[in-house]
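Colleague: Here it is, the structure in full.
The values are calculated or read from the model by the stated rules, or taken from the named source; none is laboratory data. Note that the structure is predicted; figures quoted are calculated from it, not measured. Virtual Cβ from ideal backbone geometry, glycine too; neighbours counted across all protein chains shown.
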Amino acid sequence: MPESNILDVDSKYMNDSKITKIEYHSYTPYTSSFGNNDEIRITVQQTDVYPYLHESYLYLEGIIKEAEKIKLCNNGLSFFFDQARLEINGIEVDRTRNLGVTSSLKGYVSSTPDNYYCYENAGWTFKNNTIITDNDGSMTLNKVIWKIPHISVDDAERLKLLKIVEKEKSLFIPFRSYETYEYPELGTTKNVVWNLKTASKLEKPRYIIIGLQKNRKGVIEKDCSQFDHCNLKNIKVILNSVLYPYDNLNLDFEKNNFTVLYNMYTSFQESYYEKGERNPILSPSAFKSTAPIVVVDASKQNDESTASTVDVSIEIDASENLTGVTAYCILIHDRIIEYVPLTREIRKLV
């Protein structure tokens, strides 16, 4: 508390009771079949509640056959699902593909030692060094529950919200979307140019996360949550004609020359969350052996540019052939949804 505030002895007592209650409610899918290629759809039909989707989560329950012979890899539960999407009134608001790789990459850059046990409760095992040696096993998924907090507000806040509805006011909802791309086989070459997409000006990438895996895809004995350096030497993200990063990385993992790459990795938390500190979950040695990923910060751009679209491409340069190497890339970009509470119309701004 600032020292000047302690002299304000006649200040009024303030009690923030706008939110009177937060309760988690469980929503289950209509179907009980959770096999391969099945679609699991969970619907929230109540119209008189305030769901707080930002704090919602999926609860999974299942049985591992012959558990003494097999184990789940780090973040293993997320690899059970191919994609997830959120729809409001039948309109797709957001979608994430390849959930295992996407959540693994995002987890490595966002998690900290302080919240390690929270991640462990969700299936993360950063300290698990056990080698998978047996593929004779399976897991049966029995329950998928969407836990959503419902918010109750006091009468004054409820009146304010009802007035917004009566005025047919549009609500603009900005958020960050994660788009994952996969290059299945980089081929027998040391240099690859990967043309990802042409993005609109509004949804141009702000952060780009790139991970390489060698001979891991579809191999059950390998830990698919880990990534390989694949003797990476340089990498560039090109947005139209602008290069990120500007300088060459000049990496050499054989000589432990990856200081610049690790600095790019640790700076993500400071920039993305705007909290002015870095507290990565991976040490430099763990970064090299577990997840030598590339994190490119493109958040500082000229938004006044007249270009209506942005061409996104990646140049990969390695010191050895990239045979058997699969590349993954997450484009983190802004997205804005327009929502009209009275008519429940949803529009995606582009």
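Colleague: So, in region 322-350, of the ones that are in contact with a Leu (Cβ under 9 Å, 6 or more places away or on another chain) and part of a loop (DSSP other than H, G, I, E, B), which residue ends up nearest to ARG206 (Cα to Cα)? Spell out the reasoning first.
Modeller: Residues of region 322-350 in contact with a Leu (Cβ under 9 Å, 6 or more places away or on another chain): 322-331, 333-341, 349-350.
Still in the list and also part of a loop (DSSP other than H, G, I, E, B): 323-324, 341, 350.
Numbers: THR323: 30, GLY324: 29, PRO341: 30, VAL350: 15 Å.
Among those residues, the one meeting the criterion is VAL350.
Colleague: Testing THR266 on (1) in contact with a strand residue (DSSP E or B) (Cβ under 8 Å, 6 or more places away or on another chain); (2) surrounded by fewer than 19 Cβ atoms within 10 Å (Cβ to Cβ), one condition comes back false. Which one is that?
Modeller: (1)
Table: residues versus (1) polar (S, T, N, Q); (2) under 20 Å from the mean Cα position of the chain (by Cα).
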| residue | (1), (2) |
| --- | --- |
| VAL296 | no, yes |
| SER308 | yes, no |
| GLU320 | no, no |
| CYS329 | no, yes |
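Colleague: Right, here's the next one. Is region 274-294 home to any residue that is more than 12 Å from ARG206 (Cβ to Cβ) and in a strand (DSSP E or B)?
Modeller: There is at least one residue in region 274-294 that is more than 12 Å from ARG206 (Cβ to Cβ) and in a strand (DSSP E or B).
Colleague: If I ask for residues that are closer than 30 Å to PHE227 by Cβ and of a type in the set (Lys, Arg), which ones from region 310-350 would you list? Walk me through how you get there before you give the answer.
Modeller: Of all residues in region 310-350, those closer than 30 Å to PHE227 by Cβ come to 310-335.
Answer for region 310-350, where residues must be closer than 30 Å to PHE227 by Cβ and of a type in the set (Lys, Arg): just ARG335.
Colleague: So, one more: Among the residues of region 65-81, write down those that are surrounded by 12 or more Cβ atoms within 10 Å (Cβ to Cβ) and assigned to a loop (DSSP other than H, G, I, E, B).
Modeller: LYS69, ILE70, LYS71, LEU72, CYS73, ASN74, ASN75, PHE81, listed by residue number.
Colleague: So which of LYS169, LYS147, LYS160, LYS190 ends up being more than 23 Å from the chain's Cα centre (by Cα) and either surrounded by fewer than 11 Cβ atoms within 10 Å (Cβ to Cβ) or closer than 23 Å to ILE22 by Cα (or both)?
Modeller: One residue alone meets the criteria, LYS160.
Colleague: How about region 228-249: which of its residues are under 26 Å from ASP311 (Cβ atoms) and over 23 Å from the mean Cα position of the chain (by Cα)? If you could, list the steps in order and put the result at the bottom.
Modeller: Going residue by residue through region 228-249, those that are under 26 Å from ASP311 (Cβ atoms) are 230, 232-249.
Of everything in region 228-249, those that are under 26 Å from ASP311 (Cβ atoms) and over 23 Å from the mean Cα position of the chain (by Cα) turn out to be CYS230, LEU232, LYS233, ASN234, ASN240, SER241, VAL242, LEU243, TYR246, ASP247, ASN248, LEU249.
Colleague: Shifting gears a bit: Output the residues belonging to region 29-62 that are part of a strand (DSSP E or B) and either under 23 Å from the mean Cα position of the chain (by Cα) or among the hydrophobic types (A, V, I, L, M, F, W, C) (or both). Show your work before the answer.
Modeller: Taking region 29-62 and keeping what is part of a strand (DSSP E or B), we get 50-51, 57-62.
Once the filter is applied, which keeps residues that are part of a strand (DSSP E or B) and either under 23 Å from the mean Cα position of the chain (by Cα) or among the hydrophobic types (A, V, I, L, M, F, W, C) (or both), region 29-62 yields PRO51, TYR57, LEU58, TYR59, LEU60, GLU61.
Colleague: For CYS73, work out the one condition from (1) under 23 Å from the mean Cα position of the chain (by Cα); (2) modelled with pLDDT of 85 or more; (3) not small (Gly, Ala, Ser) it doesn't fulfil.
Modeller: (2)
Colleague: Please determine whether any residue of region 296-304 is of a type in the set (Ser, Thr, Tyr), assigned to a loop (DSSP other than H, G, I, E, B) and touching a residue at least 60 places away in the same chain (Cβ under 8 Å).
Modeller: To start, the set of residues in region 296-304 that are of a type in the set (Ser, Thr, Tyr) comprises 299.
Checking the rest, the ones that are also assigned to a loop (DSSP other than H, G, I, E, B) come to 299.
Restricting the remaining residues to those that are touching a residue at least 60 places away in the same chain (Cβ under 8 Å) gives 299.
Yes, because at least one residue in region 296-304 is of a type in the set (Ser, Thr, Tyr), assigned to a loop (DSSP other than H, G, I, E, B) and touching a residue at least 60 places away in the same chain (Cβ under 8 Å).
Colleague: For region 287-304, which residues satisfy the criterion of being touching a helix residue (DSSP H, G or I) at 6+ places or on another chain (Cβ under 8 Å) and loosely packed, with under 15 Cβ neighbours inside 10 Å?
Modeller: Passing the criteria: only SER299.
Colleague: Could you tell me which residue of region 193-221 is surrounded by the fewest Cβ atoms within 10 Å (Cβ to Cβ), considering only residues that are basic (Lys, Arg) and under 24 Å from SER267 (Cα atoms)? Steps first, answer last, please.
Modeller: The initial filter retains those residues of region 193-221 that are basic (Lys, Arg), namely 197, 201, 204, 206, 214, 216-217.
Checking the rest, the ones that are also under 24 Å from SER267 (Cα atoms) come to 204, 206.
Working: LYS204: 21, ARG206: 18.
So the residue we want is ARG206.
Colleague: Go through region 270-286 and report how many residues are crowded, with 20+ Cβ neighbours inside 10 Å and either modelled with pLDDT of 95 or more or among the aliphatic types (A, V, I, L, M) (or both). Lay out the reasoning, then the answer.
Modeller: Applying the first criterion (crowded, with 20+ Cβ neighbours inside 10 Å) to region 270-286 yields 280-282.
From what's left, either modelled with pLDDT of 95 or more or among the aliphatic types (A, V, I, L, M) (or both): 281-282.
The qualifying residues number 2.
Colleague: To continue, here is another question. Just one of (1) touching an Asp or Glu at 6+ places or on another chain (Cβ under 8 Å); (2) buried (at least 20 other Cβ atoms within 10 Å of the Cβ); (3) not in a loop (DSSP other than H, G, I, E, B) trips up VAL312, so point out which.
Modeller: Checking VAL312 against (1) touching an Asp or Glu at 6+ places or on another chain (Cβ under 8 Å); (2) buried (at least 20 other Cβ atoms within 10 Å of the Cβ); (3) not in a loop (DSSP other than H, G, I, E, B), the one that fails is (1).
Colleague: Contact list please: Cβ distance under 6 Å, first residue in region 273-288 and more than 21 Å from GLN213 (Cβ to Cβ) and without any contact (Cβ under 8 Å) to a residue 40 or more places away in the chain, second residue of a type in the set (D, E, K, R) and in a helix (DSSP H, G or I), pairs at least six apart or on different chains.
Modeller: ARG278/GLU270
Colleague: Does LYS69 satisfy being within 23 Å of ALA327 (Cα to Cα) and not hydrophobic (A, V, I, L, M, F, W, C)? Quick ask: steps written out before the conclusion?
Modeller: Numbers: within 23 Å of ALA327 (Cα to Cα): no; not hydrophobic (A, V, I, L, M, F, W, C): yes.
In short, no.
Colleague: Further question: Give the residue, chosen from SER103, SER26, that is outside any loop (DSSP other than H, G, I, E, B) and under 27 Å from GLU182 (Cβ atoms). Before you say what the answer is, go through the steps one by one.
Modeller: On the way: SER26 fails: under 27 Å from GLU182 (Cβ atoms).
One residue alone meets the criteria, SER103.
Colleague: A follow-up question, please. Residues that are of a type outside the set (A, V, I, L, M, F, W, C) and touching a residue at least 60 places away in the same chain (Cβ under 8 Å): which strands (runs of 3 or more DSSP E) entirely in region 168-247 hold 1 or more of them?
Modeller: Numbers: elements: 171-183, 191-200, 205-214, 232-239, 242-244.
Fully inside region 168-247 and qualifying: 171-183, 191-200, 205-214, 232-239.
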